[in-house]
1. Please go through the range 38-62 and pick out each residue that is surrounded by 17 or more Cβ atoms within 10 Å (Cβ to Cβ), more than 14 Å from the chain's Cα centre (by Cα) and in a helix (DSSP H, G or I).
2. Give the residues of the range 89-141 that are in contact with an Asp or Glu (Cβ under 8 Å, 6 or more places away or on another chain) and over 22 Å from Met47 (Cβ atoms), sorted by residue number.
3. So Ala17 clears everything in (1) out of contact with any strand residue (DSSP E or B) (no Cβ under 8 Å at 6 or more places or on another chain); (2) buried (at least 20 other Cβ atoms within 10 Å of the Cβ); (3) at pLDDT below 90 except one condition, right? Which one?
4. Go through the residues of the range 46-57 one by one and say whether even a single one is of a type in the set (D, E, K, R) and within 20 Å of Pro124 (Cβ to Cβ).
5. Under 9 Å between Cβ atoms, at least 6 apart or on separate chains: pull out the pairs that start in the range 103-116 with a residue that is modelled with pLDDT of 90 or more and end on any residue that is of a type in the set (S, T, N, Q) and surrounded by fewer than 14 Cβ atoms within 10 Å (Cβ to Cβ).
6. In the range 63-92, what residues are in contact (Cβ under 8 Å) with a residue 40 or more places away in the chain, in a helix (DSSP H, G or I) and among the small types (Gly, Ala, Ser)?
7. Could you grab me the full set of residues in the range 88-126 that are loosely packed, with under 15 Cβ neighbours inside 10 Å and under 19 Å from Arg58 (Cβ atoms)?
Amino acid sequence: MAIDPQSTGTDLDNGAARRPLRLLIVDDDIVQQELMRRAAGTSKFEMTIAGSCGEAIRHLEADGFDCVILDLELADGDGVDVCRAMVGAGYSGALIIISGTDSRRRSAARAYARSLGIVAQGLPKPVDLSSLRVCLANLSQDIQGLPAIHDWGGASVGLTKEAHRADLIPAARSRRRQPAALRP
């Protein structure tokens, strides 16, 4: 069966300019800001940096962003306050929580953000830059309507990854129950 190349075109094929993805980095640590800026730079994001809750909220109210990278512990407040402001500002992008707090607090913050309708992920500090790059690359693909290009831990992307996480793949389940010496 032949595929008509004209029927598979996109607006980008017709010369339409693709806008850069917008990223807001919210962290009061200058070193962390720079690390995240460099990691995000490889994903071709247009970046804005906010060093406080107040500054982040002002940016969210004035500008549109595709993603917010958020530290939970900021000098002038809690990152959860920024989550509330995101909803008030009509934010509809993704959220990556990167914080040195314990995993339970990060999980609670992610759950809270999701309860507000914000798609949220979390990474611990010190941030693993390759994990952050994977998050941002996949976000970029998702915003453009393309499939994810990276994954973690050998799980395939898409429904297979979700099945893997839900422990629905029999091979993965059976290997986990075997002593390490007996695994293939």
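The values are calculated or read from the model by the stated rules, or taken from the named source; none is laboratory data. This is a predicted model, so every value here is computed, not measured. Positions of Cβ are generated from backbone atoms using ideal geometry, with glycine treated the same way; all protein chains shown enter the neighbour counts.
1. Listed by number, the residues that qualify are Cys53, Glu55, Ala56, Ile57, His59, Leu60.
2. Thr101
3. (2)
4. Looking for residues that are of a type in the set (D, E, K, R) and within 20 Å of Pro124 (Cβ to Cβ), one finds none in the range 46-57, hence no.
5. Filtered contacts from the range 103-116: no entries.
6. Gly79
7. Gly88, Gly90, Ser92
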